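First the structure, in the form of structure tokens, and then the observations on it.
The values are calculated or read from the model by the stated rules, or taken from the named source; none is laboratory data. Bear in mind that the values here come from a model prediction, so they are computed numbers and not experimental data. Methodologically, a virtual Cβ is constructed for each residue, glycine included, from the backbone with ideal geometry; neighbour enumeration extends over all protein chains shown.
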Amino acid sequence: MDFLSYLINGLGLGSVYAIIALGYTMVYGIAKMLNFAHGDVIMIGAYVAFFSISDLGLPLIPAVLLSVAVCTLLGVLIERLAYKPLRSASALSVLITAIGVSYFLQNAAQLLWSSSTKVFPGVIPSGGITWNGLTVSWVTMITISVCLVVMTVLILFINYTKTGRAMRACSEDKGAATLMGISVNRMISITFAIGSGLAAFASVLLCATYPSVNPTLGAMPGIKAFTAAVFGGIGSIPGAFLGGLLLGVIEILARAYISTQLSDAIVFAVLILILLIKPTGLLGKKLREKV
Amino acid sequence: MKKKIGLPAFLTDRKYRSRTTSFAFVIFGWVILEIMMNTGSLSSLFTSLLVPVCCYIVAAIGLNLNVGISGELNLGQACFMSVGAFTAVCLSGSLAQTIPSPVIRLILSLFAGAFVAAVFGALIGIPVLKLEGDYLAIVTLAFGQIVKSLITNTFFGIDDAGFHFSFVENKVELMPGGKMLLNGPMGATGTERISNFTTGIILILISLLVVFHLIYSRSGRAIMAARDNRIAAESVGIGIFRTKMLSFVISSCLAGAAGALYGLNYSTLVPAKFDFNTSILLLVYVVLGGLGNMTGTIIATVVLVLLPELLRSMQDYRMLIYAIVLILIMLLTNNETVRTALQRIRRKVRGKTNG
Amino acid sequence: MDERKTPVLEVQELGIDFGGLTAVNDLSMEVYDGEIVGLIGPNGAGKTTVFNMLTKVYQPTRGTIRFLGEDTAKKNVVEMNHAGIARTFQNIRLFSGLSVADNVKTGFHGRIPYSPLTAIFRLPSYYRKEKEIDEKTKALLEIFGLSEEADNLASNLPYGAQRRLEIARALASQPRLLLLDEPAAGMNPQETEELMSMIRLVRDRFETSILLIEHDMKLVMGICERITVLNYGMMLAQGTPDEIQANPEVIKAYLGE
């Protein structure tokens, strides 16, 4: 029973990672960049949700929607101002810029809201359903459900809408997509918007589980979700989903059965092992260089 | 080819000029700073920054070999600094009675730190260098986290009965008079501060020498060939793995020496000091200084370490300004108009010196 | 073929599949010592794939490659170069961040070796070996008319010079067999003319056999002693230039119908 409850908790945490990882993977797929600032967008999302609930007194759903709106806008803004001018620059320049944006967001948050940790209000009732001695908390259930819904909607969007197909075309071949009359810049903006909007969802789910809000809140989940995206094969949406869930489960099981202190090390060790066996991740595509 | 008679090759040959510039720059800086220190015109804040700056420079030079010359994105350089630092601190601490001379202990600890970091580099390099591109980068990041996590969970002490070691849980019990060298998340405390600025400068000069000697040799050409075109490099008989491993190990070795110097400069040192952010900072120094450009790396490191201190008057806004400066530099250096303008200026300057 | 000559390269029933698709099948051919052999065929016939198998960039699915009498089944790309096969590439692959001279110097990697420690400590053998590499590089650049460009970046060279530089780099590894992949591509008739005499000179001076892929029939018929024709990954014909030109199968493959 213990194992089962750990597994479910792992899936809950993994769902949060999966939603964040989607942001990384979609941006990587289309813009071929590692958006290091993604974790900090989560942090901003958490603050917006926090203030709209505790200061503005909004109920949960409008607070989440407000947070989504702010993050979406922020994501698009960051892309326009910082990344778009670097479309033809080296990958390293873009990476450093993303790091700069990450510093900027963290320090801005610290200036605006101080570095002290704020306690996120309990928005989701504690307790849960107990069945045969196995208790699953509401938070976990809601997190997993949100993740499944997000995943389904996203896959439907990518595969069955005109915009979704255009986004896929851009990630396959920008030149060809441009020739087909697709505006690559617009598609990249949309990708950033979706990724950052999802980050807001992730932030609320994250804070429902770990209810503390501070300016470096996004850093570690960011790195882990990024790892999850690589786990699954960066650029692949089902890969991010699978990678996120796996990572959450591994982390919780390692914490429960091996050592709390070493759980992070174990997560990263598993990542290395997976990459050694499958150098492009679980569902990543292998590209062969033409000689 | 034009040849100026009378001037030695290191001044005329374009190849060696970058090396000469780097050395001249470091030695010039050293002289100036020594004069300032001796006349008392250097604030205590800046004096305290001298050794750390040297450490970051050495680690960044190593990283530049890895990222600029060898072309591999390494996001875990700080973990080799960490390995070097704690090796050196532990060695220096355990030799405190045996070898009273701090100079000899410092040299021994630096070598030990560099060596152990190089061994870590070789071990980590085996899986890392089998991968390519962003996957390689993420694995260096992962190893950085793992090494940090391992050091954070290591307890290591010495007393008259010898060494005591435990992992994850602190089970080290020392006899009276014993000394805890590495205390898990608390790191090292009570370290005797034996590093100094002169050692730092010497370490910079040695690392420049190592890197430049390597670059202008068979191995250096092989490293750059493997970076520029993997398949062509293999087809002229260059083993990619061995070549990349060489640069990775030397890079880790330099980071280890840098870490050793760093660790011996503070009486307390926590493992969390060498986290992902430190790796990223080193990468920022390298990219801003210019890939493969060692003098640039030195300048960028000095400026970026000092910038937050210079902005102290701005107080709370300094890190925000730091972030904005970082973004602006990247945007400007990649801007077409700015680029062409810079090239025009460079051509003009060159035209004047040649004519 | 002259019976006294020994084969440098012997290929038997060579074939490769890419995910169920057969790219090359049942290819057998030899290159003898000091010979210039042409490998021709319509686009997509599998010529470059043959080069990639000979240099082990691709591992053949079937068949054997014997080089200098030795089976090469276990060798990888690097070991094939050390064994004595060097090549150029259809889509030029120079080391763009290195100078022209340094590009050639990389070619001596396996031939004039010294350890990284020798370099770091600048031991006497470093200076000796570097001097040898330097002199040999200068000689190669002279032959290929690249002396003036020695210190320029390889990527700044004009197209034809880049192709010559690739040959010079390949020759630095002192191959017994040189594989040239479309050496005349993008060259004007006069440059092609010069290239032809250069290839002959390379064969005589560097005592290497040459196997070349080329679409320029004037070049192929002018310098190759024997020609192998590929079509759809299969060998269509083999023989002297005269025989190939008279072969109705070949004409059909090239002209269609």
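Go through the residues of segment A:259-267 one by one and say whether even a single one is in contact (Cβ under 8 Å) with a residue 40 or more places away in the chain and among the hydroxyl-bearing types (Ser, Thr, Tyr). Within segment A:259-267, none of the residues are in contact (Cβ under 8 Å) with a residue 40 or more places away in the chain and among the hydroxyl-bearing types (Ser, Thr, Tyr). Meeting the requirement of 2 or more residues that are exposed (fewer than 14 other Cβ atoms within 10 Å of the Cβ), the helices (runs of 4 or more DSSP H) wholly within segment C:184-257 are C:189-206, C:241-246, C:248-255. Name the residues in segment B:257-288 that are farther than 27 Å from residue B:116 by Cβ and crowded, with 24+ Cβ neighbours inside 10 Å, would you? Of everything in segment B:257-288, just one residue is farther than 27 Å from residue B:116 by Cβ and crowded, with 24+ Cβ neighbours inside 10 Å, namely B:287. Here A:152, A:163, A:140 are screened, and the one residue that is in a helix (DSSP H, G or I) and crowded, with 18+ Cβ neighbours inside 10 Å is A:140. Looking only at segment B:175-218, residues that are over 15 Å from the mean Cα position of the chain (by Cα) and under 22 Å from residue B:271 (Cα atoms) come to 19 in all. Looking at segment B:114-228, the helices (runs of 4 or more DSSP H) lying wholly inside it that each contain 3 or more residues that are within 14 Å of chain C (Cβ to nearest Cβ) and buried (at least 24 other Cβ atoms within 10 Å of the Cβ) sit at B:218-228. Could you check, for segment C:71-78, whether at least one of its residues is within 11 Å of another protein chain (Cβ to nearest Cβ) and either farther than 25 Å from residue B:250 by Cβ or not aliphatic (A, V, I, L, M) (or both)? Yes, the conditions are met somewhere in segment C:71-78. Mind counting the residues in segment A:87-125 that are crowded, with 20+ Cβ neighbours inside 10 Å and closer than 26 Å to residue B:279 by Cβ? The number of residues fulfilling the criteria is 15.
Among the residues making up segment B:237-292, a single one is closer than 26 Å to residue B:154 by Cβ and basic (Lys, Arg): B:273. Residues that are more than 13 Å from the chain's Cα centre (by Cα) and either more than 11 Å from chain A (Cβ to nearest Cβ) or charged (D, E, K, R) (or both) were ranked within segment B:291-304; the one that is farthest from residue A:82 (Cα to Cα) is B:295.
Per-residue answers, yes or no, for (1) touching a helix residue (DSSP H, G or I) at 6+ places or on another chain (Cβ under 8 Å); (2) within 14 Å of chain B (Cβ to nearest Cβ); (3) among the hydroxyl-bearing types (Ser, Thr, Tyr):
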site	(1), (2), (3)
A:177	yes, no, no
A:181	no, no, no
A:194	yes, no, no
A:206	yes, no, no
A:219	yes, yes, no
A:225	yes, yes, no
A:229	yes, yes, no
A:237	yes, no, no
A:280	yes, yes, yes
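Condition check ((1) out of contact with any Asp or Glu (no Cβ under 6 Å at 6 or more places or on another chain); (2) of a type in the set (Ser, Thr, Tyr); (3) at pLDDT below 95; (4) closer than 18 Å to residue B:22 by Cα) across all residues:
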position: B:163; (1), (2), (3), (4): yes, no, yes, no
position: B:178; (1), (2), (3), (4): no, no, yes, no
position: B:183; (1), (2), (3), (4): yes, no, yes, no
position: B:204; (1), (2), (3), (4): yes, no, no, yes
position: B:226; (1), (2), (3), (4): yes, no, no, no
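Of the helices (runs of 4 or more DSSP H) entirely within segment B:1-101, those holding at least 2 residues that are at pLDDT 90 or above occupy B:14-38, B:44-64, B:77-94. Restricting segment B:229-248 to residues that are surrounded by fewer than 23 Cβ atoms within 10 Å (Cβ to Cβ) and of a type in the set (Val, Ile, Thr) leaves a set whose member that is nearest to residue B:130 (Cα to Cα) is B:240. Restricting attention to segment C:85-100, the residues that are of a type in the set (Gly, Ala, Ser) and more than 10 Å from chain B (Cβ to nearest Cβ) total 0.
When C:139, C:101, C:45 are screened for being at pLDDT below 95 and hydrophobic (A, V, I, L, M, F, W, C), only C:45 passes. Under the condition of being at pLDDT 90 or above, in contact with a helix residue (DSSP H, G or I) (Cβ under 6 Å, 6 or more places away or on another chain) and of a type outside the set (Val, Ile, Thr), the residues counted in segment A:124-167 number 6.
What are the pairs with Cβ atoms under 6 angstrom where one residue, in segment C:69-91, is more than 21 Å from residue C:183 (Cα to Cα) and the other, located anywhere, is aliphatic (A, V, I, L, M) and part of a strand (DSSP E or B)? Sequence gap at least six, or different chains. As it stands, the answer is C:72/C:65, since those pairs meet every condition given. Taken over segment A:166-183, the residue count meeting the criterion of being assigned to a helix (DSSP H, G or I), without any contact (Cβ under 8 Å) to a residue 40 or more places away in the chain and crowded, with 18+ Cβ neighbours inside 10 Å is 4. Residues in segment A:109-137 that are in a helix (DSSP H, G or I) and either more than 21 Å from the chain's Cα centre (by Cα) or within 19 Å of residue A:18 (Cα to Cα) (or both): A:110, A:111, A:112, A:113.
Just a yes or no: is a residue in segment A:42-54 more than 30 Å from residue B:68 (Cα to Cα), more than 10 Å from chain B (Cβ to nearest Cβ), more than 23 Å from the chain's Cα centre (by Cα) and not charged (D, E, K, R)? The answer is yes; a qualifying residue exists.
Is segment B:345-353 home to any residue that is within 12 Å of chain A (Cβ to nearest Cβ) and either surrounded by 18 or more Cβ atoms within 10 Å (Cβ to Cβ) or in a helix (DSSP H, G or I) (or both)? No; the residues of segment B:345-353 include none that is within 12 Å of chain A (Cβ to nearest Cβ) and either surrounded by 18 or more Cβ atoms within 10 Å (Cβ to Cβ) or in a helix (DSSP H, G or I) (or both). Scoring residue A:210 on the criteria (1) under 21 Å from residue A:144 (Cβ atoms); (2) surrounded by 19 or more Cβ atoms within 10 Å (Cβ to Cβ); (3) at pLDDT below 90 leaves a single failure, condition (2). Note on segment A:23-42: residues that are surrounded by 24 or more Cβ atoms within 10 Å (Cβ to Cβ) and hydroxyl-bearing (Ser, Thr, Tyr) total 2.
A count restricted to segment A:110-139 and to residues that are within 17 Å of residue A:211 (Cβ to Cβ) and of a type in the set (A, V, I, L, M) stands at 4. If you go through segment C:11-35 and pick out every residue that is in contact (Cβ under 8 Å) with a residue 60 or more places away in the chain, surrounded by fewer than 23 Cβ atoms within 10 Å (Cβ to Cβ) and within 15 Å of residue C:210 (Cβ to Cβ), you end up with 5.
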